[in-house]
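Take a look at the structure set out below.
The values are calculated or read from the model by the stated rules, or taken from the named source; none is laboratory data. The structure presented is a predicted model; accordingly, all values stated were derived computationally and were not measured. Backbone-built Cβ (ideal geometry, glycine too); neighbour counts: all protein chains shown. Heavy atoms of the whole protein, side chains included, go into the accessibility calculation; ligands, DNA and RNA do not. Shrake-Rupley method; radii C 1.70, N 1.55, O 1.52, S 1.80 Å.
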Amino acid sequence: RRGVAGNGVAARKAAARAPVRAAFAVRAEAASVAAAKIRIRLKSFEVNHMKAACDKIIEAATSTEASISGPVPLPTKRRIYCVLRSPHVNKDSREHFETRTHHRLIDVHQPTAQTIDALMSLELPAGVEIEVKL
């Protein structure tokens, strides 16, 4: 019965490949839509530096006529450190210190080549970590 058109193995393999092709087409379409925006994620310990960086990014993007959504404030992460006040005695006496990491998210929709050039040439404050996804 090998090679017969009614054989179920070949028909099942062809049917199994069809959804994979359709799923690949959907992923490729989603990738082309995702390339139409730039997602900028900012992290900083200082709110003032963060605000200055957001203002510069928004000014650079709007000057090249790209649309902006944000800055969206994301949840602030608090890291608390517990330290003994005395190195040898008084274990019950402790101090707590904390660092707060502030996060912001800015989306640049329909960026042009001028938008990307303007964003790359920005002088941002020190202490602001930037993550850019295309």
(message) Please determine whether any residue of segment 90-108 is within 13 Å of Leu134 (Cα to Cα) and touching a Cys at 6+ places or on another chain (Cβ under 9 Å).
(response) yes
(message) Checking Ile40 against (1) at pLDDT 90 or above; (2) open to solvent by 50 Å² or more (accessible area, probe 1.4 Å); (3) among the β-branched types (Val, Ile, Thr), only one condition comes out false. Which one?
(response) (2)
(message) Given the condition surrounded by fewer than 10 Cβ atoms within 10 Å (Cβ to Cβ), at pLDDT 90 or above and either among the aromatic types (Phe, Trp, Tyr) or closer than 20 Å to Arg39 by Cα (or both), answer yes or no: does some residue in segment 64-72 qualify?
(response) no
(request) Restricting attention to segment 83-133, report how many residues are under 24 Å from Ser44 (Cα atoms), open to solvent by less than 80 Å² (accessible area, probe 1.4 Å), more than 15 Å from the chain's Cα centre (by Cα) and of a type in the set (A, V, I, L, M). (result) 6
(request) List every residue pair whose Cβ atoms sit under 6 Å apart, with the two residues 6 or more apart in sequence or on different chains, where the first one lies in segment 115-134 and is on the phi > 0 side of the Ramachandran plot and the second, anywhere, is open to solvent by less than 60 Å² (accessible area, probe 1.4 Å) and at pLDDT 90 or above. (result) Gly127/Ser44
(message) Can you report the number of residues in segment 52-75 which are outside any helix (DSSP H, G or I) and within 18 Å of the chain's Cα centre (by Cα)?
(response) 9
(request) Kindly indicate the residue of segment 52-95 that is of a type in the set (Asp, Glu) and touching a residue at least 12 places away in the same chain (Cβ under 8 Å) and also farthest from Asp107 (Cα to Cα) among those meeting that condition. (result) Glu95
